[in-house]
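Structure first, then comments.
Rule-based calculations on the coordinates, nothing more; no lab input. The model shown is predicted, which means the values in this text are computed figures rather than measured ones. Cβ coordinates were reconstructed from backbone atoms using ideal geometry, including for glycine residues, and neighbour counts include every protein chain displayed.
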């Protein structure tokens, strides 16, 4: 359907017609034994929620945060939009301690998709067997072919804008449903730098609309207005976060979303099956009876919940195999006026280095242009360049002439990178999670190669005052899927090896990081998990 | 240093180019009066914070962003920022002890309060803390360079979230109502400020 819409280019409707169409939401009693409780409404929870509701099941989603109305509630302001980020304190340990807060996990209906950059390349077929290829890391029990139909379905349903032909990875069976978004200044500069070195580039696939689109269950979503604040929440529904895509569809199909409901535990019967989910809402403890549970709280809260309840962990693998991505950024200043607040932040891509001949590292990386919001830029200058006073102000005053590129590359699991419960308690009285992360040799080699390359690209593009900022984005692993119950937490269908009615669908099940941004794959795996669950249930 | 015209953002408030939600947030931030009596810090610690803020993000114009006051409010409200280095004590402890540490280092190096020192001396103290080996018993327990990094980042965030800070760098993203059509290199729209 989306393809037809794209061809017809329906005209923009006045804003009053674009409001959430507001299907009445079904409400269950906590004493109803619902078919499934889904914990979390982001990229992991929302797709399967809509699938299960669509097949007629009684489903309730428990979401820790609020259900925002972006038109009214979202400002073009990073500081106030920190309400979209998970702010319960995490303790960050290890040689490359990660910054959390305004950096990764989300809260609110939509989860992290509320603030994701919407960069949605597919993983490559070889990403799923990195161990077979390089002898390090972990293979997936799934192949690209298992996920391909789901990639296609997600792209068409949520509305992905991308180039007519995509140069890398498995050949696409169909084009992206929407034409690519326009290139902003940073993208043009990356194009210029890469061209001079013979590195091919392409408009990137982005989960934001280049033309209006009628979203089932939601209504009209307008095209992107190039406001540039994707990472602080889209205010018009152009970005394909789950609150404007899978969630309204799920509500239309009869799912209930319970907001400000924080899950703390589970009730089990004598056989060990879960019979109810315990959560806090409105200052009181509640229990929702259910036949099945899907955990989609992300790669930190999902294992934290299992560890707190000593569940599904006889393998000892819960919280282990924690990964991020290698994500070094290189910044520079240019003569040209760039206005980094305009356009979708990552509008250009190159996957030319998905595999590097004669490399001294396993895996590879993609290159991405980056526009940046002012506070994010200023704080990165402060943290990364370690300058202050007049020097800091002078560097930040070049904001309008600043552009960046970054990589998004492989990160292997290491035994020293994991999540555990600290003795220190949070405001709810629950143990805070402590996250250990240190880049290993492979990550360091890959990053060193990429840093040299990016600095050369930026120099060729005309940048002055080039500097790099090393960071590790995304939270991956901690409850990995696998065929061997001794080395994994769930099977390839997302089902716990130990508790037959417990499933996990989020970035924690990834056995390897993949060399691309995770959101699209999380959504694809989520739909597959739902379908496998329905097959199981109906047989 | 690129400079942009003053009041570029303030002038948008009466017009049609800013969404209500953005306007509300910015107006609220502008309307907060400069804090005289701290809610979180003790008055002596607060005076040190004011002096440190002036060195980390110096402000020479007539318009001032009350960085110390805003940080005090944020600590008093226990908002938190979602994480901390495992090596660091809770934020409240860290900031309180850090102010004490600055005074200790000042006394150890110059036998005087931080407040009474000239700017160059104050900068020497801050640099010693940033580099991680300042004099003073506080720093045996509180990792000095991590404390410095967290303080600097917190103040930087407050500074550039403020309309004055945004104006200073020519950030017109707050003119968010019509969207942007000219987004390529050197493509400016009429409402975007030109560098002075």
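So the values come out like this:
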| quantity | calculated |
| --- | --- |
| Chain A: relative contact order in percent, alpha carbon pairs under 8 Å with at least 6 residues between | 23 percent |
| B:2, B:19 arranged by Cβ crowding within 10 Å, fewest neighbours leading | B:2, B:19 |
| Helix-only [θ]222 nm of the protein assembly as shown, DSSP H runs n ≥ 4, -39500 (n - 2.57) each, per residue, nearest 500 | -9000 deg cm²/dmol |
| Hypothetical label at residue A:335: residues of the stretch A:443-477 whose amide nitrogen lies under 15 Å (7 Å Cα-Cβ projection) | A:459-465 |
| Order of B:78, A:289, B:23 - criterion: other Cβ atoms within 10 Å of each residue's Cβ, fewest first | B:78, A:289, B:23 |
| Pairwise FRET efficiency - residue A:29 versus residue A:460, Cβ, R0 = 60 Å, nearest 0.05 | 0.40 |
| Pairwise FRET efficiency - residue A:309 versus residue B:133, Cβ, R0 = 51 Å, nearest 0.05 | 0.70 |
| The stretch A:348-495: relative contact order in percent, alpha carbon pairs under 8 Å with at least 6 residues between | 19 percent |
| The stretch A:139-183-the stretch B:111-165 distance, computed between alpha-carbon centres (Å) | 49 Å |
| Percent of Cα-Cα distances greater than 15 Å, calculated over the stretch A:98-188 | 72 percent |
| With Cα atoms, 0 to 90° folded angle of helix A:144-158 axis to chain A main axis | 80 degrees |
| Normalised contact order of the stretch B:75-132, rounded percent, pairs of Cα under 8 Å and 6 or more residues apart | 21 percent |
| Rounded tilt (10° steps) of A:441-461 against the dominant C-alpha axis of chain A | 40 degrees |
| Between helix A:298-308 and chain A: long-axis angle, C-alpha atoms, 0 to 90°, nearest 10 | 40 degrees |
| Share, in percent, of DSSP beta bridges within chain A that are antiparallel, nearest 5 | 70 percent |
| Residue A:72 paired with residue B:87, simple spin-label distance in nm, labels 7 Å along Cα-to-beta-carbon | 4.7 nm |
| Order of A:351, A:165, A:155 under a 10 Å beta carbon neighbour criterion, fewest first | A:165, A:351, A:155 |
| Paramagnetic reach from residue A:469 (point 7 Å along Cα→Cβ, amide N under 14 Å) across the stretch A:326-356 | A:327-333, A:340-341 |
| For the stretch A:401-446 versus the stretch B:5-43, the gap between their alpha-carbon centres in whole angstrom | 35 Å |
